[in-house]
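Notes to accompany the following structure.
The values are calculated or read from the model by the stated rules, or taken from the named source; none is laboratory data. For clarity, every value in this text was computed on a predicted model and none was experimentally measured. Glycine also receives a Cβ, built like all others from the backbone with ideal geometry; neighbour counts cover every protein chain displayed.
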């Protein structure tokens, strides 16, 4: 039965739907956009409650309040509804003006056509097979990962003579030069002859990729792996492989897309697992070594599937199941191209999604061990509001939770604070055409010394009525990635420094660097920024990837010992904790598994086997995140 108040709210939603903002189409500085973190930073700094005033109780009562509308939070709401029934009252709160968390969608309109890009989570892809729980969720959402081969026009760029290249910048290498990388089986001599590298660097890079010495002779497999786990790849190259330091800038940014740091902060053991050169003659068994990073471990991996908006499609599918009126469509193909009605997200109904609402407190109304109710306070539109629920899932960043729940035990607050998110920027650039890329025969470019370390043409993916750009004269979305870091410090210190840098970097600085970098790479191919750049969306994530443990900096990871993420995610009364942070595993399947575990803890349901375990493994040859769609095995190549 709908109350008169709810009928009034429904009428207002109908009237507002036509004029509601549409966040995916917004350009400029997005991701963690200005205004989305002000209340949280004031809470962190201890100033929020000085001016917050008393919370207004809006009278809303729920069976579940979820903090965080990323994939983990949406999945938690979905799992709760499946267990508690379709009439269960659920409220999802998020501090951003869009849902999906890091699974963010960018849309551009040009010439009556919609082009879609990804502003965060790139694909269904993981260093290990998805759990039975995560696979079942994808199946129920109608996602068939086996269709990837039919969706992806794998040979499009190759048929146009295009492939991977490296851009050497003059500040790092002495000259601006774009050089096509050698394909599998091609000689390295031609590539090295064109690269603006010192003679010593050419000699030693050639030796690394061609020769097969054992750089740790006299040690068995286990001893070699233990030694490699305790040295950085940079130290391995200089100290073990006796390379000239001039080789380091060439390899420095290789791990950026996975780790958010360079080879100075990634172990040599991980470098071996990622397929970087120098290990062929060491005869290492294809088994994990102690302290090996999750991204680098040998073992089977999950299937791959990329939607035009990355995993934002998964977020939209979850919202459609929870709030059908907000996301039209009958199947996945419809949802990919559908326009979400944001005015419908918070209309009265069993499930509601409330954006621009920063949660500042989640606490039991009595003793946590006996309380049957959680009070959740959030800041919205300059005022403090309060709702109550029988259950609460905190699917937000672990590092924020100690400020939301100061009543947590200190050991748990300390474990939550250990999670230091990896800062990252995904920049989407709408170009008038990609003739300059075609002229230079480059479809993706690795830029080890530049502001953005990768520049990639959009993957040519067909899904539903959506079609990619197939001719160089057509508009296209170009994706650029930046992971700010400060080489020479520990990984977590670099992440903190990078996060501070992102908060201080203006959109004008990003735009200036994008235009300058594309001009330096593509100018000789006819690129003109004033003519060719039609729109720019900078997806800034100061709190980006979940931090994954590192044998160089986390002793418990290599020597054994309790994992902080396990202590951090313990249920506290009627409050459970989700998000990929809870697994220290920066992939969508971790977000799903942790949501399932959290809801199971609240409702007394059995957890999926292995859903809470972050130790999952795989093997592969090193490729960039965009290249991970290429399932053809081969030797390591620079991009």
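Any idea which of (1) assigned to a loop (DSSP other than H, G, I, E, B); (2) at pLDDT below 90; (3) surrounded by 13 or more Cβ atoms within 10 Å (Cβ to Cβ) is the one residue 21 doesn't satisfy?
For residue 21, the exception is condition (3).
Inspect all residues belonging to the range 35-56 and state whether any of them is over 16 Å from residue 400 (Cβ atoms), assigned to a strand (DSSP E or B), more than 22 Å from the chain's Cα centre (by Cα) and in contact (Cβ under 8 Å) with a residue 40 or more places away in the chain.
yes
What number of residues within the range 419-442 are within 22 Å of the chain's Cα centre (by Cα) and in a strand (DSSP E or B)? Steps first, please.
Step one: list which residues in the range 419-442 are within 22 Å of the chain's Cα centre (by Cα), which gives 419-430.
Now restrict to residues that are in a strand (DSSP E or B): 422-430.
Of the residues in that region, 9 qualify.
Identify all residues within the range 459-485 that are crowded, with 23+ Cβ neighbours inside 10 Å and part of a loop (DSSP other than H, G, I, E, B); write none if there are none.
459, 483, 485, listed by residue number.
Among the residues of the range 428-439, which ones are surrounded by 21 or more Cβ atoms within 10 Å (Cβ to Cβ) and either closer than 28 Å to residue 182 by Cβ or modelled with pLDDT under 95 (or both)? Working first, answer last.
At the first step, the residues of the range 428-439 found to be surrounded by 21 or more Cβ atoms within 10 Å (Cβ to Cβ) are 428-431, 434, 436-437.
Hits for the range 428-439 are 429, 431, 434, 436, 437.
The rows are residues; the columns are (1) surrounded by fewer than 24 Cβ atoms within 10 Å (Cβ to Cβ); (2) in a helix (DSSP H, G or I); (3) at pLDDT 95 or above; (4) touching a helix residue (DSSP H, G or I) at 6+ places or on another chain (Cβ under 7 Å).
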{"site": "246", "(1), (2), (3), (4)": "yes, yes, yes, yes"}
{"site": "269", "(1), (2), (3), (4)": "no, yes, yes, yes"}
{"site": "301", "(1), (2), (3), (4)": "yes, no, no, no"}
{"site": "313", "(1), (2), (3), (4)": "no, yes, yes, yes"}
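State whether the residues of the range 525-534 include one that is on the phi < 0 side of the Ramachandran plot, assigned to a helix (DSSP H, G or I), surrounded by fewer than 23 Cβ atoms within 10 Å (Cβ to Cβ) and touching a strand residue (DSSP E or B) at 6+ places or on another chain (Cβ under 6 Å).
At the first step, the residues of the range 525-534 found to be on the phi < 0 side of the Ramachandran plot are 525, 527-534.
Among the residues that remain, those that are also assigned to a helix (DSSP H, G or I) are: 525, 529-532.
Filter once more, keeping what is surrounded by fewer than 23 Cβ atoms within 10 Å (Cβ to Cβ): 525, 529-532.
From what is left, the residues that are touching a strand residue (DSSP E or B) at 6+ places or on another chain (Cβ under 6 Å) are 532.
Yes, because at least one residue in the range 525-534 is on the phi < 0 side of the Ramachandran plot, assigned to a helix (DSSP H, G or I), surrounded by fewer than 23 Cβ atoms within 10 Å (Cβ to Cβ) and touching a strand residue (DSSP E or B) at 6+ places or on another chain (Cβ under 6 Å).
Here are the criteria: (1) in contact with a strand residue (DSSP E or B) (Cβ under 9 Å, 6 or more places away or on another chain); (2) surrounded by fewer than 16 Cβ atoms within 10 Å (Cβ to Cβ). Tell me which single one residue 132 does not satisfy.
All conditions pass for residue 132, except number (1).
Just wondering, is there one or more residues in the range 546-557 that are buried (at least 22 other Cβ atoms within 10 Å of the Cβ), closer than 15 Å to residue 401 by Cβ and in contact (Cβ under 8 Å) with a residue 12 or more places away in the chain?
Yes.
Select, from 362, 326, the only residue that is in contact with a strand residue (DSSP E or B) (Cβ under 9 Å, 6 or more places away or on another chain), touching a residue at least 60 places away in the same chain (Cβ under 8 Å) and on the phi < 0 side of the Ramachandran plot. Steps first, please.
Working: 326 fails: touching a residue at least 60 places away in the same chain (Cβ under 8 Å).
Only one candidate passes the filter, namely 362.
What residue, of 602, 534, is closer than 30 Å to residue 92 by Cβ, over 16 Å from the mean Cα position of the chain (by Cα) and modelled with pLDDT of 95 or more?
Details: 534 fails: closer than 30 Å to residue 92 by Cβ.
Answer to the selection: 602.
Among the listed residues 510, 503, which satisfies the condition of being over 14 Å from residue 452 (Cβ atoms), in contact (Cβ under 8 Å) with a residue 24 or more places away in the chain and assigned to a helix (DSSP H, G or I)? Explain how you work it out, then say what you get.
Numbers: 510 fails: over 14 Å from residue 452 (Cβ atoms).
Residue meeting the stated conditions: 503.
Among (1) touching a residue at least 24 places away in the same chain (Cβ under 8 Å); (2) in a helix (DSSP H, G or I); (3) under 24 Å from residue 178 (Cβ atoms), which single condition is residue 519 missing?
That leaves (1) as the condition not met.
Go through the range 196-215 and give me each residue that's surrounded by fewer than 20 Cβ atoms within 10 Å (Cβ to Cβ) and part of a loop (DSSP other than H, G, I, E, B).
Hits for the range 196-215 are 196, 198, 211, 212, 213, 214, 215.
With the checklist (1) in contact with a helix residue (DSSP H, G or I) (Cβ under 8 Å, 6 or more places away or on another chain); (2) assigned to a loop (DSSP other than H, G, I, E, B) in hand, flag the one item residue 339 doesn't pass.
All conditions pass for residue 339, except number (1).
Looking at residue 416, is it assigned to a helix (DSSP H, G or I), surrounded by 23 or more Cβ atoms within 10 Å (Cβ to Cβ) and modelled with pLDDT of 95 or more?
Working: assigned to a helix (DSSP H, G or I): yes; surrounded by 23 or more Cβ atoms within 10 Å (Cβ to Cβ): yes; modelled with pLDDT of 95 or more: yes.
In short, yes.
So residue 295 ticks every box in (1) crowded, with 23+ Cβ neighbours inside 10 Å; (2) closer than 26 Å to residue 86 by Cα but one. Which box is left unticked?
Failing condition for residue 295: (2).
Among the residues of the range 172-184, count how many are assigned to a loop (DSSP other than H, G, I, E, B) and touching a residue at least 24 places away in the same chain (Cβ under 8 Å). It would help to see each step written out before you state the result.
Narrowing the range 172-184 to residues assigned to a loop (DSSP other than H, G, I, E, B): 174-176, 181-184.
If we keep only those that are touching a residue at least 24 places away in the same chain (Cβ under 8 Å) too, we end up with 176, 181-184.
The qualifying residues number 5.
Which of (1) buried (at least 24 other Cβ atoms within 10 Å of the Cβ); (2) touching a residue at least 24 places away in the same chain (Cβ under 8 Å); (3) under 27 Å from residue 425 (Cα atoms) is the odd one out, the single condition residue 255 does not satisfy?
The one condition residue 255 does not meet is (2).
Residues in the range 109-129 that are crowded, with 24+ Cβ neighbours inside 10 Å, over 11 Å from residue 587 (Cα atoms) and out of contact with any strand residue (DSSP E or B) (no Cβ under 8 Å at 6 or more places or on another chain): how many?
Residues that pass the stated criteria total 0.
State which residue is surrounded by the fewest Cβ atoms within 10 Å (Cβ to Cβ) when the search covers only the range 280-292 and only residues that are under 11 Å from residue 221 (Cα atoms) and out of contact with any helix residue (DSSP H, G or I) (no Cβ under 7 Å at 6 or more places or on another chain).
286
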